[in-house]
Amino acid sequence: MDCIGSTSESPYILLLKAALLIPISHYVLGFLFLLSVFLYNYLEMYFIQELLTGFKGQYVSLTFNSCCDLYQEVVSKCKLLHGRVSSTPWLCSPHFQTIFLQFFERVPACNYQRQLFKTPDGGTIALDWLRNVDVKKPSSEGSDGIPSDDKTPIVVVIPGLTSDSSSAYVKHLAFKMAKSGWNVVVSNHRGLGGVAITSDSLYNAGYTEDIRKIIDHLHTQYPQAPLFAVGTSIGANVLVKFLGEEGVDTPLVGAAAICSPWDLLIGDRFIKRRAAQRIYDRALGIGLKAYAQLHQSILPRLKDWESISKISCIRDYDKHVVCVLANYETVDTYYRKVSCGGYVAKVGIPLLCISALDDPVCTRETIPWDECRANKNVVLATTQHGGHLGHLEGMTAKSLWWVRAVDEYLCALNSSSLNRREKIQNTTVDSPLKSIDEAPYVNVMNGLVKRHQVK
């Protein structure tokens with residue numbers, strides 16, 4: 001007590017001297033530990049959770065109506081939808097799962113055959129085909145298109161925002177389905193897939209007229225082939241909205257919606273909520289800005305190019321481009337009107353929806369649980385982890401769980417009693433949609449792209 005009282009040094013000086021006695025290496029280790037904890041939580045990693053369960057993964061959760069024939073006759077037979085989803089151990093984060101696909105090197109080679117499809121308003125859409133014979137017997141790639149009487153089932157793929165047939169996840173899906181004996185056609189959005197805009201119109205999250213014309217055309221061209229569709233991200237929003245608009249009056253036999261945004265207004269608020277989400281928002285906004293500027297010369301209705309040049313998020317693009325071209329009063333009006341969550345109740349054909357609860361782009365807050373449960377034509381499958389269009393699995397991350405699940409589901413649906421839709425035999429009616437082969441440029445995707453006119 002006397003010793004302490006006799007010193008004239010400040011307690012803070014003494015504390016500093018004591019702190020200096022601790023080795024620098026201990027501070028470094030402490031800093032690294034705190035940084036690791038911060039990054040672990042910031043990146044929403046779940047490695048420890050997976051480690052504690054022996055990397056067995058979490059079970060898929062299914063939501064459906066108790067009187068659902070789709071579940072009883074199809075989904076109940078899908079082992080993947082009743083099993084566990086285990087992520088690649090070194091990708092145990094929704095952000096790693098989402099971003100890794102952009103740099104995924106082990107992507108299947110898809111030698112697409114291209115059709116250029118012209119819409120009634122003069123727009124051009126690239127339809128990229130991957131036939132089952134091209135995957136199973138590469139030597140037959142010189143054959144000319146698909147015979148009109150072919151009964152091989154066709155699946156139409158609708159990509160997400162700024163994605164096209166060259167995107168890694170689209171190639172995974174197309175290759176897997178073609179390998180299973182399907183003919184796959186990727187319906188690229190206007191201005192994507194290496195084809196220029198040819199009308200004063202761009203695609204958006206709620207414009208269903210293009211996919212409606214394409215499906216009607218495919219049904220007319222191949223009346224004996226069962227038609228299915230898979231939409232991803234914004235493509236899923238377009239697909240579900242289309243199904244709700246059509247009800248039972250669609251040539252499609254069944255469909256799947258993967259990582260749908262469901263409610264764009266809630267999604268817009270979510271993607272601006274945290275720093276990690278704002279990175280996705282900015283990246284997508286810049287990509288959309290480049291998309292609009294690429295076609296500036298043929299979009300006369302867009303006047304405020306100064307504001308367009310400053311686009312830094314999705315909402316900016318929707319305000320200065322989508323609302324102008326699609327005649328929406330405000331961005332919120334646009335989001336409310338085109339969100340597919342309000343159309344789920346009207347879906348009239350078998351629909352499987354897959355969403356990851358940790359999706360960093362399309363939040364779980366938007367999932368229409370009650371609507372999916374009320375509609376007997378819908379089964380909702382949710383996973384605890386997976387990111388946005390990720391679900392990478394295996395030590396080498398060479399496959400996507402949702403791709404395998406969609407393949408299993410569509411194959412089961414195609415062979416079930418629910419696939420009893422009558423095919424309209426109408427080969428004499430001329431379609432008002434004719435193809436063109438004068439596009440300014442085309443993409444070469446992992447091989448020769450062949451042009452075929454749509455008869």
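Annotations for the structure displayed:
- Among (1) in contact with a helix residue (DSSP H, G or I) (Cβ under 7 Å, 6 or more places away or on another chain); (2) assigned to a helix (DSSP H, G or I), the one test that Gly181 misses: (2)
- Screening the candidates Gln49, Gln58, Gln115, Gln72 for the property of being of a type outside the set (Gly, Ala, Ser), closer than 30 Å to Asp210 by Cβ and either surrounded by 11 or more Cβ atoms within 10 Å (Cβ to Cβ) or at pLDDT below 95 (or both) yields one hit, Gln115.
- Which listed residue is in contact with a strand residue (DSSP E or B) (Cβ under 6 Å, 6 or more places away or on another chain) and of a type in the set (Gly, Ala, Ser), from Ala356, Ala374, Ala292, Ala397: Ala356
- Considering the range 385-420, and only residues there that are hydroxyl-bearing (Ser, Thr, Tyr) and more than 16 Å from His172 (Cβ to Cβ), the residue that is surrounded by the most Cβ atoms within 10 Å (Cβ to Cβ) turns out to be Ser416.
- Members of the range 344-384 found to be surrounded by fewer than 22 Cβ atoms within 10 Å (Cβ to Cβ) and under 13 Å from Gly244 (Cα atoms), listed by number: Ala345, Lys346, Gly348, Glu371
Let's see how each residue does on (1) within 26 Å of Leu352 (Cβ to Cβ); (2) of a type in the set (Lys, Arg); (3) not assigned by TED's automatic domain parsing to the domain that holds Glu371:
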| position | (1), (2), (3) |
| --- | --- |
| Tyr12 | no, no, yes |
| Ser25 | no, no, yes |
| Val37 | no, no, yes |
| Glu50 | yes, no, yes |
| Leu70 | yes, no, no |
| Val74 | yes, no, no |
| Leu80 | yes, no, no |
| Pro89 | no, no, no |
| Thr98 | yes, no, no |
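- Any hit, the range 76-85, residues being farther than 19 Å from Ser417 by Cβ and at pLDDT below 95: no
- From the options Thr220, Thr198, residue that is touching a residue at least 24 places away in the same chain (Cβ under 8 Å), among the hydroxyl-bearing types (Ser, Thr, Tyr) and either buried (at least 24 other Cβ atoms within 10 Å of the Cβ) or not in a helix (DSSP H, G or I) (or both): Thr198
- Within the option set Ile211, Ile279, Ile271, Ile286, being under 19 Å from Ala126 (Cα atoms) and of a type in the set (Val, Ile, Thr) holds for one residue only, Ile211.
- So Pro108, is it farther than 28 Å from Ile354 by Cβ and not in a helix (DSSP H, G or I): no
- Count - residues of the range 75-101 that are more than 20 Å from the chain's Cα centre (by Cα), surrounded by fewer than 19 Cβ atoms within 10 Å (Cβ to Cβ) and assigned to a helix (DSSP H, G or I): 5
- Every condition in (1) surrounded by fewer than 24 Cβ atoms within 10 Å (Cβ to Cβ); (2) assigned to a loop (DSSP other than H, G, I, E, B) holds for Arg212 except the one numbered (2).
The values are calculated or read from the model by the stated rules, or taken from the named source; none is laboratory data. Remember, predicted model here, so these are calculated numbers, not experimental data. Positions of Cβ are generated from backbone atoms using ideal geometry, with glycine treated the same way; all protein chains shown enter the neighbour counts.
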